[in-house]
Amino acid sequence: MNSRKTWAALAVATAVTVSVPVTAGVASAAPKKPTKAATAKQVAAAKAAQAKAAAAAKKAAAAKAAAAKAAAAKAAAAAKAAAAKKAAEAAKAVLPFAAVGVVTAVDAAAGTVTVQVASGSKLVAGTEAVFKVSATTKVTKDDEKTTLDTLAEGDKVTVNGVKTAAGLFAAHVNATSPEPVAEPEPTEDPVAEPDPTEEPTEEPTEEPTEEPAPVEDPETAV
């Protein structure tokens with residue numbers, strides 16, 4: 001029994017003796033702690049890299065903001081130019097006019113009146129223009145409100161409205177009936193006076209007339 005205990009104690013002692021060099025070898029193989037100077041250098045390098053990255057990020061953000069601002073300004077300028085162009089085209093497409101002339105044709109079914117324009121805006125002056133009359137057009141004739149079908153060829157007319165790409169649209173049509181032409185009153189046929197006749201004049205004859213021979217008294221002759 002005692003021998004067994006002795007051998008066990010020897011075994012434990014041997015194990016401890018063998019393990020000590022191994023542990024010491026492992027401890028001796030561990031990395032050395034960095035020095036204070038190396039640590040400060042690394043910190044400074046890290047800070048410099050961080051500052052550089054921050055500066056680059058700030059520069060990139062500023063460039064991005066500037067690009068976005070320039071793009072927005074460019075888009076705003078383009079939108080403003082497009083709006084101005086559209087407004088100019090719209091203003092050019094709708095032009096007011098005034099026309100004075102004589103009606104040459106009326107088409108109530110089509111809603112048009114044709115006028116030989118004597119004067120007015122340059123758009124229509126000197127032309128035979130076809131004006132479109134709608135339900136909103138104010139039509140008068142002889143100072144009375146009326147409709148298009150009462151207008152007739154020969155009426156004097158004044159038309160106001162606007163010209164678009166679709167044609168001439170009348171806003172007001174003011175017509176006046178032509179003045180009736182007075183017929184001349186018949187005159188009595190003049191009675192022709194007879195031509196005066198020339199009174200015959202007796203002119204003496206140049207040759208003397210022979211005197212008749214005396215007639216014998218019948219009683220004396222017996």
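The values are calculated or read from the model by the stated rules, or taken from the named source; none is laboratory data. Nothing here was measured: the structure is a model prediction, and the numbers come from that model. Quick reminder, even Gly has a Cβ in these numbers, built from the backbone with ideal geometry, and neighbours come from all protein chains shown. Note: areas computed on protein heavy atoms with side chains; ligands, DNA, RNA excluded. Shrake-Rupley method; radii C 1.70, N 1.55, O 1.52, S 1.80 Å.
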Study note, to complete from the structure: Listed by chain and number, the residues whose amide H is under 5 Å from that of Thr146, excluding neighbours fewer than 5 places away on the same chain and using placed H, are Val139, Thr140, Lys141
Exercise for review: Within the stretch 57-155, report the GluC sites (Glu not before Pro) that DSSP leaves as loop and that have at most 15 other Cβ atoms within 10 Å.
Suggested key: Glu153
Review point. Full extension from Ala76 to Thr136: what is 0.36 nm times the residue separation minus their Cα-Cα distance, to one decimal in nm?
Key: 17.6 nm
Review point. Counting only protein heavy atoms and using a 1.4 Å probe, what share of the accessible area of the stretch 56-137 belongs to carbon plus sulfur, as a whole percent?
Key: 68 percent
Point to revise | Cα→Cβ-extended label distance, 7 Å offset, between Thr164 and Ala118, nm | key: 3.2 nm
Point to revise | Normalised contact order of the stretch 79-153, rounded percent, pairs of Cα under 8 Å and 6 or more residues apart | key: 26 percent
Study note, to complete from the structure: Between Ala62 and Gln42, Cβ-based FRET efficiency (R0 25 Å, step 0.05) works out to 0.25
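Strictly over 18 Å apart at the Cα level, which of Lys86/Lys122; Lys92/Lys122; Lys132/Lys163 would you flag in this model?
From the list (Lys86/Lys122; Lys92/Lys122; Lys132/Lys163), the Cα-Cα distance tops 18 Å for Lys86/Lys122.
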**Study point:** Cα Rg, Dmax, the stretch 57-174, angstrom units
**Key:** 24.5, 84
